1. Taking the condition at pLDDT 95 or above and of a type in the set (S, T, Y), does T346 pass?
2. Are any of the residues in the range 210-220 touching a Leu at 6+ places or on another chain (Cβ under 7 Å) and acidic (D, E)?
3. Are any residues in the range 351-362 crowded, with 18+ Cβ neighbours inside 10 Å and either of a type outside the set (A, V, I, L, M) or over 45 Å from the mean Cα position of the chain (by Cα) (or both), and if so, which ones?
4. Within the bounds of the range 100-110, is there any residue that is among the aliphatic types (A, V, I, L, M), within 23 Å of H183 (Cβ to Cβ) and at pLDDT below 95?
5. Within the group R139, R195, which residue is open to solvent by 40 Å² or more (accessible area, probe 1.4 Å) and basic (K, R)?
6. Quick check on the range 259-276: of everything there that is touching a helix residue (DSSP H, G or I) at 6+ places or on another chain (Cβ under 8 Å) and not hydrophobic (A, V, I, L, M, F, W, C), which residue is most open to solvent (accessible area, probe 1.4 Å)?
7. Restricting the range 236-254 to residues that are surrounded by fewer than 23 Cβ atoms within 10 Å (Cβ to Cβ) and at pLDDT 90 or above, which is farthest from W118 (Cα to Cα)?
Amino acid sequence: MMKKLCSMFLALAACLMLTVPVLAAETPEVAGTGTEAGVGYAVSPWTNGYTYTVGPWVSNASYVVRPWEGNYTYVATPNASGYVYSPVWTGRSEGMGNFQRIKTYTAGTYKDVPSGAWYEEGVRTLYERGLLADTTNFRPRNGMTLAEVVSLAVHIHSIYNNWSIPSGMSELQYALNVGIVTHGQYDNYNDPATRRSFAAILSKALPASAMRGINSVLDGAIPDVPMSDPGAWGIYTLYRAGILWNNNDWGNFAPNQRITRDSAAVIAARLLDPSQRKSGSMTVVRPAAVSLSQSSLSLYSGERRTLAAYLYPVGATNQGVYWTSSDYSVASVDSYGTVTAYRPGTAIITATTPAGAMAACTVRVANWY
């Protein structure tokens with residue numbers, strides 16, 4: 001009978017132990033997952049059955065660990081027996097109201113940002129909320145690295161959530177912890193950021209509730225961003241929230257182009273200030289095709305002939321085309337479609353719309369004799 005009672009007592013004690021949140025200490029001997037130092041430690045359970053992988057922890061340090069989609073933040077604090085967790089900031093205030101003006105922007109704050117520039121409002125918004133440094137120049141046409149984009153997203157995230165980045169924790173580790181980026185998502189954070197990667201990272205800086213859709217943008221509606229694009233989720237999320245909008249009259253986003261600091265400022269400002277977001281229709285009339293008045297020409301050296309370009313459908317947003325010649329030493333073409341023949345040979349004259357539609361004319365040039 002005594003053996004049976006002891007067995008029941010031990011089983012009950014084991015069950016109770018499993019219900020207490022335990023953080024693996026720095027050595028495998030302490031209760032935890034038993035993972036190797038430097039690999040990371042699993043903390044389980046938190047709330048609602050979540051498991052969080054964090055670490056490795058450093059002695060005498062505190063780290064913020066965010067329970068995904070929860071309302072609590074926990075700080076790991078060292079004590080004599082290892083690490084314990086205490087709920088802090090359970091009543092923290094999160095929201096767009098945390099983006100307060102803490103500085104004043106005036107004309108000339110940055111010498112290279114002209115008053116009235118299309119991106120000035122974005123620069124002003126970020127500067128006044130402490131997201132831009134007090135430097136002489138803003139460098140609007142410079143690109144950004146992935147690390148710089150991550151840094152911007154991390155600071156937006158921390159301000160929104162009323163958090164501070166723990167001492168000793170890198171911005172990249174913070175971004176990994178809260179899901180702004182994932183392990184292996186990018187090979188080198190010193191690489192230039194594209195408009196695609198910028199959108200992918202910034203779209204994770206705020207929760208979905210802060211990026212509610214105000215525009216109807218159907219899947220596949222952005223001409224150069226099919227739903228199979230690796231950045232489609234972030235791009236379409238920001239379009240629907242009015243944070244991104246048409247990059248040109250044809251509705252293209254240009255995902256492979258590098259992101260420049262002027263565009264980044266405008267997009268980030270819309271992210272944290274909903275009053276700057278854009279709303280409207282994504283319906284654009286795009287030239288679906290272009291044709292030329294002639295598909296071939298025979299000219300003598302010194303002759304000229306003007307080609308006409310016809311864009312369809314009629315009423316397309318922009319009727320302009322770009323003219324090029326495959327061999328300017330044989331025949332050139334100007335911006336009006338006028339072809340000038342120079343020497344015997346063959347050249348291909350091409351008319352291209354900004355949306356990518358093309359038509360060509362083969363020009364054969366002969367001598368007079």
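The values are calculated or read from the model by the stated rules, or taken from the named source; none is laboratory data. All figures in this text were calculated on a predicted structure; none of them were measured in a lab. Cβ atoms come from the backbone with ideal geometry, glycine included; neighbour counts cover every protein chain shown. Each accessible area value is taken on the protein alone, full model and side chains, heavy atoms only, with ligands, DNA and RNA left out. Shrake-Rupley method; radii C 1.70, N 1.55, O 1.52, S 1.80 Å.
1. Details: at pLDDT 95 or above: yes; of a type in the set (S, T, Y): yes.
Taking the combined requirement at face value, the residue satisfies it.
2. Checking the range 210-220: not a single residue is touching a Leu at 6+ places or on another chain (Cβ under 7 Å) and acidic (D, E).
3. Filtering the range 351-362 for residues crowded, with 18+ Cβ neighbours inside 10 Å gives 351, 353, 355, 357, 359, 361.
Result: T353, C361.
4. Checked the range 100-110: no residue is among the aliphatic types (A, V, I, L, M), within 23 Å of H183 (Cβ to Cβ) and at pLDDT below 95.
5. Numbers: R195 fails: open to solvent by 40 Å² or more (accessible area, probe 1.4 Å).
The unique qualifying residue is R139.
6. In the first step, residues of the range 259-276 are kept if they are touching a helix residue (DSSP H, G or I) at 6+ places or on another chain (Cβ under 8 Å); the result is 259, 262-274, 276.
Next, only the ones that are not hydrophobic (A, V, I, L, M, F, W, C) stay: 262-263, 270, 273-274, 276.
Values: D262: 3, S263: 22, R270: 38, D273: 31, P274: 68, Q276: 37 Å².
Top of the filtered list is P274.
7. Let us first name the residues in the range 236-254 that are surrounded by fewer than 23 Cβ atoms within 10 Å (Cβ to Cβ), namely 237, 240, 242, 245-252, 254.
Then drop every residue that is not at pLDDT 90 or above, which leaves 237, 240, 242.
Values: T237: 23, R240: 22, G242: 17 Å.
In this case the residue turns out to be T237.
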